[in-house]
Amino acid sequence: MTQIAATITDAADIRAYECLLPDYVEVSRIALRLAELAHLPLVGLDGRPMLYGLVPKGGSLLDPDATLAEMNLPTPLTLRLVPEIAAGKDEVQVPDEPDTQELDDEPVWDIVLGEPTALVDDADLTSRPDVRIDAEVHKHIEEFAAANRNKECAGLLLGTVDSEGKSRIIHISAAVPAEGAVGTRASVRIPLDAWEAVLRVRDLDYAELRILGWFHTHAGWGVFMSDADIFIHRHFFGHPDMVAYVLDPTTGRDGFFYWHDGKIGLCPSYGLVGAPLEPKPHKAHKAHATITEAPPPPRAHFDLRNWIIAALVLGLLYLAFAGSPLGRRSRNALEHAGGKQGVVVTKELTQSRNRTYAIRPRDNPWTICNRVYHDGDLAMPLMRYNGLSNVAGLQVGQRIKLPPKETLKRLAKRG
């Protein structure tokens, strides 16, 4: 019975600990004790025990039921302590609580853990953060999300942090999707073996970059941070330069969440760098107090309870309008505007009287308002104007009113 010297880092490479590990204790029990000593949560939001594992740098997840003495481990030994995490609102399967009771004939054991050492040295954390992401990386994440549009997915964000004037630039230049994550319509779970795969890609392909946070999707629920998301970000991505990127592939809306005055808030904007798009600011939803309005129109974030509504309405609105007398009269105006077939663009909507629109399949409030009024943020005012509280109750062919844009803008200002 001996002890093995090892360096333990957290999953996001924020800090490291020098320690002595008993070689005769199962890995699962060592990992749980390390989490406790590192002040990581032992219980999730659902009240169930958290599961932790150990992954050698560039290697494979250690067998949780084996002891260190049974393995051929490299020296010097560097291990990452990784958690099994779940984001979303679904019930997720979690392992039973590990058996931590000592056997009568087993000697008492513990881990000798040194003081934490910072792995990242950021001189000025008080300057204003400026989030930027390479357009190619942004496109890669969007494509990964689109391929999993009916279930949530996740991954790591990598890049650099630099100073520029009075700002610190959080520049994301790579992303590693968690291909092994288990997603549903309303949740995503990153098991320990998925961490292994993600960290191996990070170590082998992007060793020069640091972990800058994580991304995950909401399959039709809008752009926000749920309680589970905040729990994950606070405990496992707690460095001030780490961000959470949330996107909804159903609506095409997205946003970055960052640390501000010790709280997690929506970043007012972020920049796309390089090809395939020219750098331009992306504005977050104006409902947040920190947002300043500027063109192009911001991507709206709907209330979680109302978004299912929003998804049907915008699709339904468009179909009805295109098939209505107004739609037929407006066809020439649409072609003149260069829109795609079925997209409603008409000067009549800026006049004083209402028009009617018949809901078609795949309509939803945001896309209709974005195409008709060039402002997707008018979707919720449009629903209120028509007395709609639940998109799920809309039927194809149902008619709604399309008031002038100024009417909806005044309604939006009244909240």
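Residue separation of residue 3 and residue 164 scaled by 0.36 nm, minus their Cα-Cα distance, works out to 53.3 nm of gained length. Among 59-65, 80-86, the peptide with the highest mean count of other Cβ atoms within 10 Å heads the list, and the full ranking is 80-86, 59-65.
Rounded to the nearest whole Hz, the Karplus-based 3J(HN,Hα) values (6.51 cos²θ - 1.76 cosθ + 1.60, θ = phi - 60°) of the range 150-158 follow the sequence 9, 8, 6, 9, 7, x, 9, 10, 10, with x at glycine and proline.
Count the lysine pairs in the range 128-283 whose Cα atoms lie under 24 Å apart, taking only pairs 8 or more positions apart in sequence or on different chains. All intermediate terms of the calculation are to be shown ahead of the outcome.
On the way: 139/151; 139/280; 139/283; 166/263; 166/280; 166/283; 263/283.
Counting lysine pairs in the range 128-283 gives 7.
Three principal axis extents describe the C-alpha atoms of the range 186-226; from largest down they are 34, 21, 13 Å. The stretch between residue 65 and residue 263 holds 67.5 nm of extra length on full extension. This uses 0.36 nm per residue minus the Cα-Cα distance. Close amide H contacts of residue 274 (hydrogens built in the peptide plane, cut-off under 5 Å, sequence separation of 5 or more or a different chain): 135. If you plug the beta carbon distance of residue 117 and residue 227 into 1/(1 + (r/R0)^6) with R0 = 41 Å, you get a FRET efficiency near 0.85. Extending 7 Å from Cα along the Cβ direction at residue 147 and again at residue 354 yields two label points whose distance is 4.6 nm. Packing here is the average count of other Cβ atoms within 10 Å per residue, and on that basis the peptides 110-119, 198-207, highest first, run 198-207, 110-119. The charge dipole of the range 152-264, taken about the Cα centre with unit charges on the Cβ atoms of Lys, Arg (+1) and Asp, Glu (-1), comes to about 220 debye, rounded to the nearest 20. The amide H of residue 85, built 1.01 Å from its N in the peptide plane, has 190 as neighbours under 5 Å, considering only residues 5 or more places off or on other chains.
Taken together, the values in this text are just the output of simple stated rules run on the coordinates, not laboratory data. In this text, all values refer to a predicted model and were calculated from it rather than measured experimentally. Cβ coordinates were reconstructed from backbone atoms using ideal geometry, including for glycine residues, and neighbour counts include every protein chain displayed.
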